[in-house]
Amino acid sequence: MDRWRLAPGAGTRIAVIGGTRTIGRAVVSALAAEGASVAVFDLPDALAGALPPESARCIALDPTDAASVAAAFAQLADWRALDACVMLSGVACRRDLDEAASPESWQSVVTGNLRSTFLVARRVLPLLRRGRDPALVLATSCLGTDGRSMHRPCSAARTGMIALTRTLALEAAPSVRVNCVAPDVSGDEDVLVPLGRMVMADDVAGPVLFLLGPAARYMTGQTLHVNGGAHMP
């Protein structure tokens, strides 16, 4: 293993959940460019409209449904193991006035973020334990550490993702590293960004590849913030 390499090496078997989304596409493209073997998981409609690299495997998955998650990962049986997994699927954050936030919208956000991550982690960790220098990367946002009005469901879910990262890191150690990336994806125009612009997908792909790679071999249970200095927890 090249311990100073900043990205996973060629032939690394990696699952990207939510691989057709904006950040997901950037991560998948970057991994493919590094020579990784990538399996892209996403909702059937999202896969139908996506154009992943020709080398990538595309597998339909509803991450909120336990049976769908089990069936999807059964299609990777020939890999026998995973070296890395990136969990990018989740319900996008949306500004809601307090009086407009319904129990249904709250449950949708919690299910789309926390339940889906729980179900995927339950399936991928046994595969990762059989992999080479395995790593799992989850995704949260600045809302997980910085309070912001009119984002109650997302703030709660994103904070939960950070706690889940830490818990999984403890439970999976020492065989699997578990970390989290936290881009500022809220899109609030009134947020002051010291680096002068909002985050782009490629800004997040690099830190994700770093967390997956051997140079991050002594990192686990951490949240890596990618927000141009807009939030400094």
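The values are calculated or read from the model by the stated rules, or taken from the named source; none is laboratory data. For clarity, every value in this text was computed on a predicted model and none was experimentally measured. Here the Cβ positions follow ideal geometry from the backbone for every residue, glycine too, while neighbour counts run over all protein chains shown. Keep in mind that these areas ignore ligands, DNA and RNA; they rest on the heavy atoms of the full protein, side chains included. Shrake-Rupley method; radii C 1.70, N 1.55, O 1.52, S 1.80 Å.
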Inset, instruction - Tell me which residues, restricted to segment 216-233, are farther than 20 Å from Leu170 by Cα and part of a helix (DSSP H, G or I). - result: none
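Quick one: which of Ser37, Ser55, Ser29 is small (Gly, Ala, Ser), open to solvent by 30 Å² or more (accessible area, probe 1.4 Å), closer than 19 Å to Val137 by Cα and free of Cβ contacts under 8 Å to residues at least 60 places away in the same chain?
Of Ser37, Ser55, Ser29, the one residue that is small (Gly, Ala, Ser), open to solvent by 30 Å² or more (accessible area, probe 1.4 Å), closer than 19 Å to Val137 by Cα and free of Cβ contacts under 8 Å to residues at least 60 places away in the same chain is Ser37.
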Legend entry - Given (1) assigned to a helix (DSSP H, G or I); (2) open to solvent by less than 40 Å² (accessible area, probe 1.4 Å), number of the condition Thr159 does not satisfy: (2)
Legend entry - Selection count where residues are at pLDDT 85 or above and more than 17 Å from Leu211 (Cβ to Cβ), scope segment 109-156: 14
Legend entry - Failed item in (1) out of contact with any His (no Cβ under 6 Å at 6 or more places or on another chain); (2) open to solvent by less than 60 Å² (accessible area, probe 1.4 Å); (3) not in a helix (DSSP H, G or I), with Pro174 passing the rest: (2)
Inset, instruction - Write out, first by first residue and then by second, each pair whose Cβ atoms fall under 9 Å of each other, whose residues are 6+ apart or on separate chains, and whose first residue, in segment 82-110, is over 26 Å from Val178 (Cα atoms) while the second is among the hydroxyl-bearing types (Ser, Thr, Tyr) and modelled with pLDDT of 75 or more. - result: Arg94/Ser105; Asp96/Ser102; Asp96/Ser105
Inset, instruction - Determine whether Met219 is open to solvent by 80 Å² or more (accessible area, probe 1.4 Å) and over 14 Å from the mean Cα position of the chain (by Cα). - result: no
Legend entry - Residue within segment 46-66 that is in contact with an Asp or Glu (Cβ under 6 Å, 6 or more places away or on another chain) and of a type outside the set (A, V, I, L, M) present: no
